[in-house]
Amino acid sequence: MGGMNIHLLLVDDDPTVLAALHKYFAAAGVDVDCARELEEAEAMIVSNNYDVVIADLRLSWSSVIEGLEVLRFIRRHSRQTHVIILSAHVSQDIRESADALGADAFIPKPAPLPYIAETVSRVLGRAL
Amino acid sequence: MSTLLQEILDHGGINVFYQPIFEIVDGKPVLFAVEALSRGPKGSNAEKPDVLFEYVRRKAKEVEVDRACVKAILSSMYMVARRALVSINVHALTLERDDQFTQYLTELCQLFRIPLKNVIMEIVEQQRYRNPARFFSNLDLLRKAGVRIAVDDIGLGYSNYRALVEIKPDLFKIDRYFVTGCGKNAHARAAIESIVLLADRLGGRVVAEGIESDDDLEAVTALGVRLVQGYHLALPQPVQTLNAVSPRNAQEVCE
């Protein structure tokens, strides 16, 4: 795999999910950063240029759907960044909100790592 | 799972580097002060200062993190702070919200036997405070305690003439935008000259940040700037190195 120069941000409150995704994409040569909460993700997005952000829909037990907040933030600050939303439970309403905000892809959890990588390739229009 | 904020506020979560500020005396740099530059926990995203402070802003935890930074700074370099000035960044918002900040600083300085007159509070992000009365009241408390006040990024954004006239800083820190490369930029030199004049009229001193060459140094000293800071003179360094720096051997740091 030749994924040089792809800068990826992973946003998830589950450290085991972050560790697995980080290991997989780093092995593919992707430059990977991780964030565990909304504000950390926002600070990273302001300070870096990401090609892709993969964000879990829920980053805490609060009622706020923080994954959509990450998406909304990216669309305000970095229009060229692709956003993939990961989620275990997706209602039609949330899906429509994410589409309206400009999500590039939706992936139901759990998903095999190669499928997530294929989705990244698809939204970027190039192989990892 | 611990959040990044908890890791920052934990003991040892703030790592500090120190960059010397020199005074040019008879053409030679002599240590004037050290600016404390805070970083987040090693290995975390907040190890980068821009991420650290962006994150802190978004969490609205300026007060807590500023206090943690002050404690980390004074506890790590009190030996130096007893004999040299130390410049510590503080958010304008902290001065607005934390009426006990001067008391907190005073108690720490007493604990580490650091004279308050050796502390410079460098106010950052002035755009974010909304209650000027409280801000200026707390600024006044700091001054009455003997603390010196600095304003950074002068010439850019909210470090404008109005802020300088109202805050009346002891130190005017000219942003690197005007300093780096000013030897070849007459317009930048004109801006520096105007700030030197303003500082003189307002009773403050000017620090030129971003000295990155002999040219920069020569140009700013020719304009009357005596306090200088930048990679060309000394890199930010950990406290272990800093403890060896004294006004007497400041020349060695420059070499």
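If a/c stays under 1.5 just call it rounded; otherwise compare a/b with b/c (prolate if a/b is bigger, oblate if not). Do that for the protein assembly as shown, with a ≥ b ≥ c from the square roots of the Cα gyration tensor eigenvalues.
It is prolate, given that a/c is not under 1.5 and a/b is the larger ratio.
Identify all lysines with a Cα-Cα distance to A:LYS23 below 19 Å; exclude those on the same chain that are fewer than 8 residues away in sequence. Output for A:LYS23: A:LYS109.
The stretch between B:GLU64 and B:THR241, if pulled fully straight at 0.36 nm per residue, gains 60.9 nm over its current Cα-Cα span.
Can you give the net charge of the other residues whose Cβ lies under 9 Å from the Cβ of B:ILE88, counting K and R as +1 and D and E as -1? That sum, taken over residues with Cβ under 9 Å, equals -3. Placing R0 at 25 angstrom, the Cβ-Cβ distance between B:LEU202 and B:ASP99 gives a FRET efficiency of 0.40 after rounding to 0.05.
Cα axis of helix A:113-124 to longest principal axis of chain A: angle in degrees, 0 to 90, nearest 10? Taking the Cα atoms of chain A, the angle to A:113-124 is about 90 degrees. Which of the residue pairs B:LYS42/B:LYS173; B:LYS144/B:LYS168; B:LYS117/B:LYS168 have a Cα-Cα distance greater than 19 Å in the structure shown? Beyond 19 Å between Cα atoms: B:LYS42/B:LYS173. Across peptide A:34-44, the mean count of Cβ atoms from other chains lying within 10 Å of each residue's own Cβ comes to 6. Label positions at B:ALA186 and A:ALA100, each projected 7 Å from the Cα along the C-beta direction, are separated by 5.8 nm. Compactness of chain B was expressed as the Cα radius of gyration divided by 2.2 N^0.38 Å, which yields 0.97.
Starting from the Cα gyration tensor of the range B:44-112, take the square roots of the eigenvalues, sort them a ≥ b ≥ c, and report rounded, prolate or oblate (rounded when a/c is under 1.5, otherwise prolate if a/b is larger than b/c, else oblate). Oblate, since a/c reaches 1.5 and b/c is not below a/b. Here the simple spin-label model places points 7 Å from the Cα toward Cβ, and for B:TYR158 and A:ARG126 these points are separated by 4.0 nm. Label zone (B:ARG113, point 7 Å along Cα-to-C-beta; backbone nitrogen cut-off 20 Å) within the range B:60-90: B:71-86. The length gained by stretching the chain between B:ARG82 and B:ASP215 to full extension, at 0.36 nm per residue less their Cα-Cα distance, is 44.5 nm. Classification of chain A by its C-alpha gyration tensor yields a rounded form. The axis ratio a/c (a ≥ b ≥ c) stays under 1.5. Footprinting exposure proxy ranking of B:THR241, A:THR119, fewest other C-beta atoms within 10 angstrom first, gives B:THR241, A:THR119. Placing a pseudo-label 7 Å from each Cα along the Cα-to-Cβ vector at B:GLU166 and A:ALA111 gives an inter-label distance of 4.9 nm. Here is the list for the range A:57-102: trypsin sites (Lys or Arg not before Pro) lying in DSSP coil, each with at most 13 other C-beta atoms within 10 angstrom of its C-beta, are A:ARG79.
Across peptide A:10-17, the average count of Cβ atoms from other chains found within 10 Å of a residue's Cβ is 1.
The numbers here are math on the coordinates, done by the rules we state, and not lab data. Just so it is clear, the model here is predicted, and its values are computed rather than measured. Positions of Cβ are generated from backbone atoms using ideal geometry, with glycine treated the same way; all protein chains shown enter the neighbour counts.
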